[in-house]
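Below is one structure, written out as structure tokens; comments come after it.
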Amino acid sequence: AQKITQTQPGMFVQEKEAVTLDCTYDTSDPSYGLFWYKQPSSGEMIFLIYQGSYDQQNATEGRYSLNFQKARKSANLVISASQLGDSAMYFCAMREGRGDYKLSFGAGTTVTVRA
Amino acid sequence: GAVVSQHPSWVICKSGTSVKIECRSLDFQATTMFWYRQFPKQSLMLMATSNEGSKATYEQGVEKDKFLINHASLTLSTLTVTSAHPEDSSFYICSARLSTPGSYNEQFFGPGTRLTVL
């Protein structure tokens with residue numbers, strides 16, 4: 001079974017608007033971490049934001065915020081005030097508390113910001 | 001901080017030759033590094049987990065004799081693709097786990113190596 005599901009293959013967003021990228025996850029482990037990474041066309045993976053399963057508040061990092069709904073097992077990424085440089089592929093990933101620190105990645109969502 | 005480099009950034013080789021890719025954590029020590037493979041417009045596929053001073057742990061379906069991994073120091077892991085064939089052409093990305101106090105044990109990724117086997 002897929003551990004991370006990203007249902008949006010591609011999205012367009014107007015510059016300066018906000019965009020929400022969906023991510024749902026599946027785990028029976030009570031201890032887990034959720035990550036979002038950005039991959040521009042250059043190929044590098046850039047860490048954006050982290051949410052721990054026991055964190056009470058939603059994570060925020062600058063223009064990035066994570067809408068964590070534990071009961072629904074969703075961890076959507078919100079990018080506010082989109083910029084042209086935000087055009088990239090975005091991956092949601094999960095690390096379960098098994099001690100091996102491996103990440104399970106979703107299929108990714110391509111975001112294109114329009115001027 | 002938390003910079004990971006990879007070398008080379010791209011390589012073209014003939015079928016049957018071996019290619020070595022280096023992954024270095026530049027400003028932190030990494031007891032654990034990971035190697036991924038990514039096909040165009042697809043997600044990252046974990047190939048193996050590399051722990052300093054011990055044998056790598058390979059994911060199911062990954063040939064350990066073909067993809068040799070060495071993690072000889074806390075800042076360097078290498079992936080050698082032996083007897084490369086055209087189907088090995090791909091984008092290979094390494095990552096290093098940051099385990100300092102206050103970190104999320106997040107993985108920081110190298111810029112990737114594009115391998116083309118002719």
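The values are calculated or read from the model by the stated rules, or taken from the named source; none is laboratory data. Everything quoted here is computed from the prediction, not taken from an experiment. Cβ: placed from backbone, ideal geometry, glycine included. Neighbour counts: every protein chain shown. Each accessible area value is taken on the protein alone, full model and side chains, heavy atoms only, with ligands, DNA and RNA left out. Shrake-Rupley method; radii C 1.70, N 1.55, O 1.52, S 1.80 Å.
Our summary of shape: the Cα atoms of chain A have principal axis extents of 43, 27, 21 Å, ordered from largest down, in whole angstrom. Within straight-line reach of A:Lys102, meaning a Cα separation under 21 Å, sit the following lysines at least 8 residues removed in sequence or on another chain: A:Lys3, A:Lys38, A:Lys70, A:Lys73, B:Lys55, B:Lys64.
If we count every other residue with Cβ under 9 angstrom of A:Met89's Cβ, Lys/Arg +1 and Asp/Glu -1, where does the sum land? Show your work: numbers first, answer last.
Values: positive: A:Lys38, B:Lys41; negative: none.
Net of charged neighbours comes to +2.
Using a 4.7 Å Cβ-Cβ cutoff, the cysteines of chain B lacking any partner cysteine are B:Cys13. Between A:Lys73 and B:Gln42, the FRET efficiency estimated from the beta carbon spacing at R0 = 22 angstrom works out to 0.40.
Surface burial for A against B, with a 1.4 Å probe and both sides summed, reaches about 1600 Å² of accessible area. Dipole check for chain B: with +1 at the C-beta of Lys and Arg, -1 at the C-beta of Asp and Glu, and the Cα centre as origin, the magnitude is about 180 Debye. For the range A:41-90, the set of chymotrypsin sites (Phe, Trp or Tyr not before Pro) satisfying both a DSSP loop assignment and a count of at most 10 other C-beta atoms within 10 Å is given as A:Tyr54.
Among A:Leu84, A:Leu48, A:Leu21, the residue with the largest mean-square fluctuation in a Gaussian network model of chain A, with springs joining Cα atoms closer than 10 Å, is A:Leu84. Over the range B:11-118, all Cα pairs binned in 10 Å intervals from 0 give whole-percent P(r) values of 16, 48, 30, 6, 1, listed from short to long.
Would you rank B:Glu59, A:Glu96 by solvent-accessible area, highest first, keeping every protein chain in place and using a 1.4 Å probe? The partial results should precede the final answer.
Working: B:Glu59 50, A:Glu96 20 Å².
Per-residue accessible area, sorted high to low, gives B:Glu59, A:Glu96.
Each of A:Ser80 and B:Ser18 was given a label point 7 Å from its Cα along the Cα-to-Cβ line. The distance between the two points is 5.3 nm.
B:Lys20 contributes an accessible area of around 120 Å² to the protein surface, as traced by a 1.4 Å probe with all chains present. Here each label is just a point 7 Å from Cα along the line to Cβ, and for B:Ser89 and B:Leu118 those points are 1.1 nm apart.
Protein-only accessible surface at a 1.4 angstrom probe places the residues B:Ser5, B:Ser25 in the order B:Ser5, B:Ser25, largest first.
Across the protein assembly as shown, the fraction of Cα-Cα pairs farther apart than 22 Å, rounded to a whole number, is 53%.
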